[in-house]
Every structure is written in structure tokens, then in C-alpha cells.
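What follows is a short report on a single structure.
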Amino acid sequence: MQRLVAQALAERLVSVRIQHPIAACMRLSARIEETYGIGSVDVVPDVGGRALAHAAAARLDRMLAAKMPTIIAVGAGRAVRAAAAEVAAIERPQHQIIGMVGSIARNGSANPYEVVVRLADRIGAQRWPMPMPLVVDSPDERDLWQAQRLWRILEALAERVSLGVSGIGQMGSDAPLVADGFIDSGEMADLIAHGAVAELSGFVYDMRGQLLDHPHNLRVTSLPLPRPHPLLAIAAGLEKLEAVRAVLRGRLIDQLVTDEATARLLCESA
């Protein structure tokens, strides 16, 4: 039977076309890479949020499998935490996981979506969280936090980062900045009124992916985005569409993991 099929293919009597959804996802990946000039995109089928986490974890697994000491910088949030939970459990005590963002909310409570410890525990790595507020009350207070020895240690480690991993935050009442207690609804309304569309590591950006000229960005304690080191973003969903598009337009990331529905909309209106 196999010989007959091979002969029929050779004589072009039959043709084979792959219709599996992954083929459509690969085409969308290529279109986004070309349209936005991004280095690498994974588009997963619309089968639920765990597929997104699996795809992001696969990228992390390849990086973390290295025997050479490696530093990974991680943000906080639901998407990054979900990906960390899917990372293969291996022993890599030579690796270091550092926090890109403060893990404390305005009221002093810890962010439940902090990722540094969770990911480090998966691989037995060294951990360097950032136990400070993400957003403080003034630029002077930010300077005080960033003058602390721990922040300076993280800053030095960030110079040797192999990969940064972050979610992408949207604007609105359901935005992570508001939902997790970093800013209030009035501050969010003011950001939107001034053209805020997207958030990365607490910093906010306009629709072109440019850092918004707003006092908020002077009150963020996060490490600068790990440039020129690669930055992987994990984001999907209609509510995040404008934010993802802005981040792509601004060339703020190098790698993206998203889903098929989001990818189609990104291709339709670049």
C-alpha cells in the first residue's frame, strides 16, 4: 500500500494537503513576524489558556536546559505564572532567576502572581526577587528604593540576562495594574485620558509603543526592560489586542506567544 501511495504521489495522481490547525498557526506566526519585524512568534490553536502556557514553557525549557549558568529575568502576572508552572522540573542550581518588577502592592500586600520563587523552585535555581512596591508615590521615593543595595544587585545581574519574560497589560478597570492593587481606578482613568494603551513591567506606553510622557512612569521601580537582551512576551485575548499591537509597533519585544484568534486580529489591522 505504501508503495502504491508513493507511486501515485510521484505521478501527481493524488496530492496531500495538511489541514491541521497548526499549519494555520504557523502561517499566522510568519505573517506577524514579517508585518511587525519581530524575531520569533509562536501562535497556538484556540484550545484554552493552557496551550499558551505550554508554548511559553517550551521556550523556557530550551533556555533552562543549558548547563552553562544562565540568568532569566521575569515579570509578574497570570500568564508568566502559568508558564512557570509548566516548565519541566529539572535541577539547575547554577541558574539564577531575577525579578524585573516590584512584588508589593500599594497596601503592602504581596502580589499573588509573583513568579521568581515559583520558577526557581521548579529548577532548583538561585532566586532574586524584588521585594519593593511596583509603583510608589513620587519620583523621589522611587530614587530611594532604587538606591537600596538589593536593587543595585538586581541591576547588575540584569546586565547579564539571557532572556526576559513578561506579560502584556491592557488599560482599563480590569487591567493588572488596577486588579492587583498597584494603582487605583482614578489613576488608570488619567493614564487612558493621556493615551496609555499598554503596560510592560509597570511602565505604560501609547498606541505606537512609545513610553508615555506621564508622571506614572517616573514612579515605577522596575528594572529597565532587558535590552538588548531578548524579551519574550506572553499575551492573548481580545481585551489585550490593542496592548499587544502597541508593544509590537514599538518593537519592545523580540519573541511573542499568543493564540490564533489574537494573531488573526493582529494581522488584519497592523
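The values are calculated or read from the model by the stated rules, or taken from the named source; none is laboratory data. Bear in mind that the values here come from a model prediction, so they are computed numbers and not experimental data. Positions of Cβ are backbone-derived with ideal geometry, glycine not excepted, and every protein chain shown enters the neighbour counts. The protein model used for the area step is the full one, side chains on, heavy atoms only, and it has no ligands, DNA or RNA in it. Shrake-Rupley method; radii C 1.70, N 1.55, O 1.52, S 1.80 Å.
Counting only heavy atoms of the protein chains and using a 1.4 Å probe, D174 has close to 90 Å² of accessible surface.
Each semi-axis of the equivalent ellipsoid for the chain is √(5λ) with λ an eigenvalue of the Cα gyration tensor; in descending order they amount to 37, 23, 15 Å. Rounded to the nearest 20, the Cβ-based charge dipole of the chain about its Cα centre (Lys and Arg +1, Asp and Glu -1) stands at 1100 debye. Per residue, region 142-188 exposes an accessible area of 46 Å² to a 1.4 Å probe, with every protein chain left in place. The loop-placed trypsin sites (Lys or Arg not before Pro) in region 212-270, going by DSSP, that have at most 14 neighbouring Cβ atoms within 10 Å of their Cβ come out as R251.
Annotation: amide H-H contacts under 5 Å for G164 (H modelled 1.01 Å from N, sequence separation of 5 or more, or interchain): A73, L231, L232.
Give me the percent of Cα-Cα pairs in region 55-164 that sit more than 21 Å apart, rounded to a whole number. So the pairs more than 21 Å apart make up 35 percent of the total in region 55-164.
Computed about the Cα centre, the dipole magnitude for region 130-188 is approximately 380 debye when only Lys and Arg (+1) and Asp and Glu (-1) carry charge, each at its Cβ.
Across region 86-222, the fraction of Cα-Cα pairs farther apart than 21 Å, rounded to a whole number, is 44%. Using heavy atoms of the protein chains and a probe of 1.4 Å, the accessible area assigned to R106 is about 100 Å². Roughly to the nearest percent, how much of the accessible area of the chain is carbon and sulfur, given a 1.4 Å probe? Summing carbon and sulfur atoms, their accessible area is 55 percent of the total for the chain. Rolling a 1.4 Å probe across all protein chains gives S185 an accessible area of roughly 80 Å². Couplings 3J(HN,Hα) for region 146-153, derived from phi with the Karplus relation 6.51 cos²θ - 1.76 cosθ + 1.60 (θ = phi - 60°), are 6, 7, 5, 4, 4, 5, 5, 5 Hz, where x marks Gly and Pro.
Within the chain, which is the longest segment containing none of the GluC sites (Glu not before Pro) that sit in a DSSP loop and have at most 11 other Cβ atoms within 10 Å? The reported range is 160-270. Taken per residue, the accessible surface of region 87-137 reaches 41 Å², heavy atoms only and a 1.4 Å probe.
As a ratio to 2.2 N^0.38 Å, the alpha-carbon radius of gyration computed for region 17-94 takes the value 1.28.
Calculated mean residue ellipticity at 222 nm for the chain: -11500 deg cm²/dmol, from DSSP H runs with n ≥ 4 weighted as -39500 (n - 2.57), summed, divided by the residue count and rounded to 500. Heavy atoms of the protein chains alone define the surface here; on that basis region 194-270 has 38 Å² accessible area per residue at 1.4 Å probe size.
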